[in-house]
Amino acid sequence: MYTNFFKTLTVVALLAYCSPAQSTVRLPQLVSNGMVLQRDAKIKLWGWADTGEKLTIRFNGKRLSATADKNGKWVAQLPAMRAGGPYTMQIDAGNHITLSDILIGDVWFFSGQSNMTVLMERVKELYPQDIETANYPQIRNFFVPTKSDVRRVYEDLPPGKWVKADPHTVLDFAAVPFFMSRALYQKYHVPIGIINSSVGGTPVQAWISADAVGGIDDFTKRIAQFRDSSFFDQFKRSPQPAPVAKPAEVADLGLKGTVKWFDPAYEAKGWHNFWLPGYWADQGVRGLNGVVWFRKEIEVPASMVGKAAKLFMGRIIDADETYVNGQKVGNITYQYPPRRYEIPAGLLKAGKNLIVVRVTNSSGKGGFVPEKRYELTDGKTSLDLRGDWQYKVGQAFDDRRGRMGGGFNMLNAQNEPSGLFNTMIYPAVPYTIKGFVWYQGESNVGTKNYATLLKTLITDWRQRWGQGDLPFLVVQLPNFGEVQYTPAESGWAEIREAQQDVLSLPRSGMVVSIDAGEWNDIHPLRKKIIGDRLALAAEKLAYGDQSVVFSGPVLRSANVDGQKIVLTFNNVGSGLIAKGDSMLSGFAVAGADKRFVWADAKITGDKVVISNAEVPAPMYVRYAWADNPESANLYNKEGLPASPFRTDRPQNTASANNTVK
């Protein structure tokens, strides 16, 4: 009896030991169906299993073996392979995994802040044909969801998947990566994999490892705090935010009565005139944070009746709820997205129609951003909505609204050094790639050591990927903000200067975009020009096409010659031109006093000669040195703009070499 019992117990134990539940192989998010693997390079595969678990991988005629180490991690390496596919991968251990539709091509790693996440959906009105024809099943996108943590590195990315580009799915592709990838695919006909690990509003230091950024004085103490468990205890002990009641929704007069202000039955009395677009602080309502209602009656022709239409309300600061003939047609809770609301068929009527917009803003200037699209259209007939509207204040917020009390100490990991590297970069490091693309800097305007931080990031990432000096492409900040008509200082220009500094690193390139921005939108829509220029840079630096001119002129030297300064440039291509004008603009000159005035600038061969009669002894010159250098028009004949520069840069921030390697 006892003998049979022990035999049974032994069999059960052996079955439990051999059970697949005890030996399940797990793969990282990137190693999944539809992935693109890097061609012409050794490909690392990795994952997790029980300690000592043996597994076999079969792929494209290759057979590999691996064993999980004491930490349960296994690594295998495929040999370099030529572009092709689709292929299937079989992984066998205690369990069996089949991965399908795998391509071998080029994988680009994109990162940065919000301009690297602006979706094709956001730019669909600007590029309808590009979306309609986006049948590129060999372009695959893996978007990394946001996750942040300053305390430790993560072994895997947040859940995601590889997605093929087609006219429907491409709307969820970020525009810059898509346009760059499409240009490369159309030229080389090789599958392209996009890994996009980006988070809006984040600073460069969040994307650098703790070991690397911790060596920079500004962040040494902060990283030390993150390694001290007692530092985080204070957040547990800190009192919760003191409750400050937010005004109830009914405090808005427009929602308080029996007939709401968006209802066509409401009789508008005591409303004031407003010229749209514009901000209420500029039209008689100063110092107000709260809710302001806007209304306009428009005449709709009979030809639009019964049709679906689209209402474009530009950009609104900050949140809005928009109504047509009393029906809510849309709302957005923050300022950046364009307002594009669908009007269902049957809502419009012949004759008078009412549009009402309820705008909520808690800081800064509330209202409607100028020089955006404000119209109602059915695709054939368009009604311009700019002009006379009426407004009325529905609610004024208490200035204490939403304040934090009790000295609560906040920590937002995605804005802290290493906070995004740990979660959105480190887990991707084993994946073999072709190169990097970086579009960030807006959140670091005013950071004086940005050049050091960006170079640290580049070096850090290259060392961790261990693929040598992988190509690293940087998008220089575009033009943004109000135009200044006299020479002045510029925080945006300083970031552009720091971005140009990366050209001192091998296989690094920069795309100039001071002609691709919008003065009134930190998220400019013309992303195709950025993607196409990045593709040119990739052709030169990653694909070895030495005939490609991928950059506009970059200052090489500035020499004083009597009452003139003679400038020479790299990347002049087929020659220098003044785009759109016979005269060069955007140059300023100064003497020893560093009081800059606009300069006369002339192209002489491959040089630019600067002078001004008011500065008989010139010493310094600047070009496109402004947040929005609207007048800057130095290009090469290939149509690429010159990079902004100054020759009076403080020595402690100057780059040793601005030449593309």
*Among Lys161/Lys221; Lys296/Lys528; Lys164/Lys528, which pairs are too far apart, with a Cα-Cα distance over 26 Å?*
Lys161/Lys221; Lys296/Lys528
*Which value, in debye to the nearest 20, describes the size of the charge dipole of the chain about its Cα centre when Lys and Arg Cβ atoms bear +1, Asp and Glu Cβ atoms bear -1, and nothing else is charged?*
1240 debye
*For the range 249-396, projected area of the alpha-carbon convex hull averaged over all directions, nm²*: 8.2 nm²
*Using the beta-carbon distance between Gln463 and His96 and R0 = 45 Å, what value does 1/(1 + (r/R0)^6) give for FRET efficiency, to the nearest 0.05?*
0.80
*Could you give the C-alpha radius of gyration of the chain expressed as a fraction of 2.2 N^0.38 Å, taking N as the number of residues it contains?*
1.13
*Hey, rough spin-label estimate for Thr67 and Lys594, points 7 angstrom out along Cα→Cβ, what's it come to in nanometres?*
6.5 nm
*Amide H neighbours of Asp521 under 5 Å, at least 5 residues apart or on other chains, H built in the peptide plane: list them.*
Gly481
*Short version: ³J(HN,Hα) in whole Hz for each residue of the range 98-113, in order, from phi by Karplus 6.51 cos²θ - 1.76 cosθ + 1.60 (θ = phi - 60°), x for Gly and Pro, what are they?*
10, 10, 10, 6, 8, 10, 10, x, 10, 10, 10, 9, 9, 8, x, 10
*asked:* Restricting to DSSP H runs of at least four residues, report the calculated mean residue ellipticity at 222 nm for the chain, -39500 (n - 2.57) per run over all residues, nearest 500 deg cm²/dmol.
replied: -4500 deg cm²/dmol
*Choose one of Leu470, Ala68, Ala428: the residue whose Cα lies farthest towards the positive end of the charge dipole of the chain (beta-carbon charges +1 Lys, Arg; -1 Asp, Glu; about the Cα centre).*
Ala68
*Compare the peptides 122-131, 314-323, 223-232 by average per-residue count of other Cβ atoms within 10 angstrom and give them in order, highest first.*
314-323, 122-131, 223-232
*Charge dipole (the range 249-396, unit charges on Cβ, about Cα centre) - positive-most of Trp275, Gly346, Val356*: Gly346
*Pop out the ³J(HN,Hα) list for the range 311-319 in order, Karplus 6.51 cos²θ - 1.76 cosθ + 1.60 with θ = phi - 60°, rounded to Hz; leave Gly and Pro as x.*
9, 9, 10, x, 10, 10, 10, 10, 10
*Taking the range 132-192 on its own, what percent of its Cα-Cα pair distances exceed 20 Å?*
35 percent
*Extension gain, Leu253 back to Glu267 (0.36 nm per residue minus Cα-Cα distance, nm)*: 3.7 nm
*Within the range 554-653, what is the number of lysine pairs with alpha carbons under 18 Å apart, leaving out pairs fewer than eight places apart on the same chain?*
8
*Which residue, chosen from Phe569, Trp598, Ser547, occupies the Cα position most advanced towards the positive end of the dipole of the range 547-661, where the dipole is computed from +1 (Lys, Arg) and -1 (Asp, Glu) charges on Cβ about the Cα centre?*
Ser547
*Tyr266, Tyr334, Tyr374 arranged by Cβ crowding within 10 Å, fewest neighbours leading*: Tyr334, Tyr266, Tyr374
*Give the distance, in whole Å, between the Cα centre of the range 297-336 and the Cα centre of the range 632-646.*
40 Å
*State the Cα centre-to-centre distance between the range 94-110 and the range 154-182 in whole Å.*
15 Å
*Sort Tyr485, Tyr279 so that the residue with the fewest other Cβ atoms within 10 Å of its own Cβ comes first and the one with the most comes last.*
Tyr485, Tyr279
*Using mean Cβ contacts within 10 Å as the protection proxy, how do 60-69, 544-553, 641-650, 622-631 order, highest first?*
622-631, 641-650, 544-553, 60-69
*How high is the FRET efficiency between Leu171 and Ala613 when r is their beta carbon distance and R₀ equals 60 Å, given to the nearest 0.05?*
0.60
*Might you report the magnitude of the Cβ-based charge dipole of the range 474-560 about its Cα centre, with Lys and Arg at +1 and Asp and Glu at -1, to the nearest 20 debye?*
340 debye
*Order of Thr220, Thr432, Thr98 under a 10 Å beta carbon neighbour criterion, fewest first*: Thr98, Thr220, Thr432
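Computed from the coordinates by the stated procedures, all read-outs in this text should not be read as laboratory data. Just so we're clear, the structure is a prediction, and the values are computed from it rather than from any experiment. Every residue, glycine as well, gets a Cβ built from its backbone with ideal geometry; the counts of neighbours run over all protein chains shown.
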